[in-house]
1. Mind listing just one residue for me: the one in the stretch 417-460 that is charged (D, E, K, R) and surrounded by fewer than 18 Cβ atoms within 10 Å (Cβ to Cβ) and, of those, modelled with the lowest pLDDT?
2. Considering only the stretch 145-159, I want to know if a residue exists there that is open to solvent by 50 Å² or more (accessible area, probe 1.4 Å) and in contact with a strand residue (DSSP E or B) (Cβ under 6 Å, 6 or more places away or on another chain).
3. With under 24 Å from Leu414 (Cα atoms), under 23 Å from the mean Cα position of the chain (by Cα) and not β-branched (Val, Ile, Thr) as the only criterion, which of Ala556, Ala528, Ala532 stands out?
4. Which pairs have Cβ atoms under 6 Å, sit 6 or more apart or on different chains, and link a residue in the stretch 413-435 that is over 25 Å from Thr512 (Cβ atoms) to one that is open to solvent by 20 Å² or more (accessible area, probe 1.4 Å) and not aliphatic (A, V, I, L, M)?
5. Report yes if some residue within the stretch 338-349 is modelled with pLDDT under 85, in a helix (DSSP H, G or I), farther than 14 Å from Leu396 by Cβ and within 31 Å of the chain's Cα centre (by Cα); otherwise report no.
6. Evaluate the following for Thr536: is it polar (S, T, N, Q) and either crowded, with 20+ Cβ neighbours inside 10 Å or at pLDDT below 90 (or both)?
7. Could you list all residues from the stretch 447-487 that are outside any strand (DSSP E or B) and of a type in the set (A, V, I, L, M)?
8. Within the set of pairs 6 or more residues apart or between chains, which connect a residue that is surrounded by fewer than 16 Cβ atoms within 10 Å (Cβ to Cβ) inside the stretch 213-232 to a residue that is of a type in the set (Ser, Thr, Tyr) with Cβ atoms less than 6 Å apart?
Amino acid sequence: MRRLALAAWLSSSACFVPTLEALEQERPRTCDDASPCVEGYICAAGVCRKADGPSCTPGEMRACGFSTGLCRPGVERCTDEGVFSPCTGAVGPVLEVCDGEDNDCDGAVDEEVTTSSCGISQGVCAGRDRACVAGRPEAVCTAASFGPDYEATETTCDAKDNDCDGAVDEGLTAVPCPRSAGPCAGATRSCQAGALTVCTDATYRAVFPDFEAVETECDGRDNDCDGLTDAWAAEQVSDGGTLVERGAVAVALPNTGTLQRRDVLVMAESGVRLVSRTLTSTGLVSPGRAPAVSIAAAERAYGPALASLGSQVAQAWFENQAGAPARTRLALALAGPNGDAIANGGAGISPVTMTGPGQKVALGLTSTRLVVAFAQADSATSANTSVVALSCPRQLDTLCDTQLLGAGRNPALLVDSDAALVVYEVGGRLRAVRLSVPQSGGLAVGPTAMFGGSNERDVALAGTLEGLTVYSIVPGTPDTLWRRQGACTAGGCDAATFTATPAWVRLGGPATGLAVASDGSRRVLAWAETRAGVSTVRALDALGSMPTPFDVAAPARRPVPVLAGRAGVYVFYDTEGATSGVADVVLQRRFCEP
């Protein structure tokens, strides 16, 4: 029969000459050691096969198929002809059904199965099939079948029939406002055309007349109806972005608001310049303003200081001046309502120019004079610093009197009527210098006194010269806050008469940047404390009999507390160097009496 088939093939292919490959496929040639296959073929089980075709050893087996879901592998066996047979014994994929199994072997169970209809033709339930739940179609359709827009009772204002009863947004005539906690309970809005009306201040005041969009007073009430009584979250008061903002100082602005509500002027470094902003008692922050046009020509402005008295606010800062040799200039100015300078070292002022960088500046105001204390380095590369005191007219229209107080750093200044006290660090101790500040003319430098002897640092002053409190940080294990109380009379400060409270507060780690805010009846201390490698800003009520620090923020550094009437305590700080959260910006947190 093969010959007849071959003859028929030849006779029907008049001019076609079959190849050896075609002849071999028609009748495979037998082979053995004595009769090998031609080139391009191999001998497999006594039959010549193409060298590049499938080949195996008769009896050889291999797995086929796969094992996912209900699918199971089978086996392929090598035939006597040296080829693998079709896969046998395998279980392959089938159409997915609702039975809790992966029937189609795609790794998912009961996905996109077809079930019976829920039989509801209204709202978001229309045309929905019963969901497959736990391997069975739902006996009674629920949200699993009806989809994410379904609601057993209509609560969402979206122009949809969510509960599938044939009515849209029914019953949504008195939806609670977002701020419905506490005294604002009962403030509602309604659903109109698929959208809720907006709750305004007037909406809240209709049920709570004393509502405030931003809480401003420490009165034991939740005035802004956010669920927190006399409590505020941290607020950014700087631009942020790519600029590093740091080293904030702040004062409550005189003649703003009422005694209970004061605006606060904040001044901070922003990159290589300084900016000032006003934080209103209602929580608004003004745009940043440069306090002096001279900053535009300076390579860097830094180390700001502020002081206020009556209706006037004074500013000071250091500027690195361009040119050779490099110089540092102490700039003085009077601040306008938004912190912009309205006078920058008037016609008669000759600002102090130093060969080395400025280290710290402190300001104070009397009825007629601006008193300044600052530390300066001896040269651009020297670590030796000295403290200088200035007495300038409040109008900054004539020359300042300059007094060199001696070697030292980190001066603190307290101005009291016609006198002032400068306390600064020198040789691990604190030196106190009393100054007489006449209404006109120069400073009169009084005798000095020395405190401590344990590498004290970051001194802060509060009270009056007749009722003085000196706070400082003393390093140790752990670091501690010290308090000294006494008087600095016209004859100077007698350190021996001061009452010292060593280790008044024990800290949880190394501390820096001690600062104080005081208005006679209240006094708040703030500092940065490193715990577990994180710099944390802490504060305490310094007039409390048992002072207990509380955390303001972390990571944070360089805190400045400010008192602003009954509205509470502001603590400003920066997050320079933080690696998570809000980094390299100035923030503020507000508290009631800590």
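The values are calculated or read from the model by the stated rules, or taken from the named source; none is laboratory data. Because the structure is a prediction, the values reported are computed rather than measured. Every residue, glycine as well, gets a Cβ built from its backbone with ideal geometry; the counts of neighbours run over all protein chains shown. In case anyone asks, the SASA skips ligands and DNA or RNA and just uses the protein heavy atoms, side chains included. Shrake-Rupley method; radii C 1.70, N 1.55, O 1.52, S 1.80 Å.
1. The qualifying residue modelled with the lowest pLDDT is Asp418.
2. no
3. That would be Ala528, the only listed residue that is under 24 Å from Leu414 (Cα atoms), under 23 Å from the mean Cα position of the chain (by Cα) and not β-branched (Val, Ile, Thr).
4. Asp416/Thr464; Ala419/Ser436; Arg434/Gly446
5. There is no residue in the stretch 338-349 that is modelled with pLDDT under 85, in a helix (DSSP H, G or I), farther than 14 Å from Leu396 by Cβ and within 31 Å of the chain's Cα centre (by Cα).
6. yes
7. The answer is Leu465, Ala487.
8. Hits for this filter: Val214/Thr282.
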